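See structure below.
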Amino acid sequence: MSVLDIVNLENFRKVFRNIRKVGLLTTIRYIVSDLLFDMKYRIDTINTEQLENLDIDSPNKQYGVYYEGTNAYIFKKTFSSFKVDAANSCFVDFGSGKGKAMFMAAERGFRKVIGVEFSRELVETCRRNLEIFKQKSKSKTEFEIIHGDASQYEIPAEANLLFFSNPFNETLTTKVIENILRSHNKAPREIWVIHLYPQGNMAFARHPRFQLEHESRDGFIFRLKPGA
Ligand SMILES: C[S@@+](CC[C@H](N)C(=O)[O-])C[C@H]1O[C@@H](n2cnc3c(N)ncnc32)[C@H](O)[C@@H]1O
């Protein structure tokens, strides 16, 4: 990826949005952390992609949010606010895009990382990025990339950290919550949910089974309460 690849209207918009929201200094932190991440592995996760330009075979496209990688600085800050035994944990990214959050989770030493993404092109990019990431990082994490709709995904018994970086709206999040509860009923375990950039989506926050553990400007961390 060259400097020219990131000089585009969408990235300028993103910068101005962030300056308005979090100020100049934090925006600079965001930009630097994202540039360093892509430069470290020589992959492209910075550039956004609009869903209307992508091949998506799902009626839930209408509920989805365009691709924008989770900011590296925010991801790091989120993990500093709670403890998780990464070496014995399985991280699932709902709407994994080009794989950025998956790779950042692997950097934190997760035993297994799963990404679910419904855009064919983004899955292909993610697979390419993953090959490069594995070579450069020598990561021992086990990876799985699933091409499909995250609301149809049957959550495996090993999944215990569920990651949502504003992938879709409240309607679809409510469906995924049913899947989480079903998975937990079959295999009771401690489940954590990270919900970043919720943009008014209060599906987890309102749900009686999710206990709010941490709240910041960037989003929420919840713990699933044991069933009644
Ligand atoms: C804001 S991006 C987050 C990207 C990624 N999680 C990251 O942190 O780098 C949202 C992603 O969710 C995907 N998405 C939206 N709705 C989806 C659905 N129903 N099933 C699977 N992926 C979905 C979009 O294609 C996009 O890649």
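Checking the structure you have, find out if any residue of the range 97-118 is closer than 18 Å to Y41 by Cβ, of a type in the set (K, R), more than 13 Å from the ligand (Cβ to nearest atom) and touching a residue at least 60 places away in the same chain (Cβ under 8 Å).
The answer is no, given that none of the residues of the range 97-118 is closer than 18 Å to Y41 by Cβ, of a type in the set (K, R), more than 13 Å from the ligand (Cβ to nearest atom) and touching a residue at least 60 places away in the same chain (Cβ under 8 Å).
Among the hydroxyl-bearing types (S, T, Y), within 11 Å of the ligand (Cβ to nearest atom) and either without any contact (Cβ under 8 Å) to a residue 12 or more places away in the chain or over 22 Å from V193 (Cβ atoms) (or both): is that true of T70 in this structure?
It is false that T70 is among the hydroxyl-bearing types (S, T, Y), within 11 Å of the ligand (Cβ to nearest atom) and either without any contact (Cβ under 8 Å) to a residue 12 or more places away in the chain or over 22 Å from V193 (Cβ atoms) (or both).
What residue, of A157, A150, is buried (at least 22 other Cβ atoms within 10 Å of the Cβ) and assigned to a loop (DSSP other than H, G, I, E, B)?
A150
For the range 73-88, give me the residue count where each residue is touching a Gly at 6+ places or on another chain (Cβ under 9 Å) and touching a residue at least 60 places away in the same chain (Cβ under 8 Å).
Adding up the residues that qualify gives 2.
Which residue is nearest to the ligand (Cβ to nearest atom), if the candidates are limited to the range 161-170 and must be part of a loop (DSSP other than H, G, I, E, B) and surrounded by fewer than 22 Cβ atoms within 10 Å (Cβ to Cβ)?
Filtering first and then ranking leaves N166.
Please verify whether the range 79-101 includes one or more residues that are assigned to a helix (DSSP H, G or I), farther than 22 Å from E144 by Cα and of a type in the set (G, A, S).
Looking through the range 79-101, at least one residue is assigned to a helix (DSSP H, G or I), farther than 22 Å from E144 by Cα and of a type in the set (G, A, S).
Tally up the residues in the range 51-78 that are assigned to a loop (DSSP other than H, G, I, E, B) and among the small types (G, A, S), please.
2
Please state which one of T171, T125 is in contact (Cβ under 8 Å) with a residue 40 or more places away in the chain, over 23 Å from L36 (Cα atoms) and polar (S, T, N, Q).
T171
Look through Y30, Y63, Y41 and report the one residue that is aromatic (F, W, Y), free of Cβ contacts under 8 Å to residues at least 60 places away in the same chain and surrounded by 11 or more Cβ atoms within 10 Å (Cβ to Cβ).
Exactly one of Y30, Y63, Y41 is aromatic (F, W, Y), free of Cβ contacts under 8 Å to residues at least 60 places away in the same chain and surrounded by 11 or more Cβ atoms within 10 Å (Cβ to Cβ), namely Y30.
Under 6 Å between Cβ atoms, which residue pairs at least 6 apart in sequence (or on different chains) link something in the range 1-22 that is acidic (D, E) with a partner that is at pLDDT below 80 and surrounded by 11 or more Cβ atoms within 10 Å (Cβ to Cβ)?
As it stands, the answer is none, since no pair meets every condition given.
The values are calculated or read from the model by the stated rules, or taken from the named source; none is laboratory data. In this text the structure is predicted, and so the values were computed from the model without any measurement. Cβ: placed from backbone, ideal geometry, glycine included. Neighbour counts: every protein chain shown.
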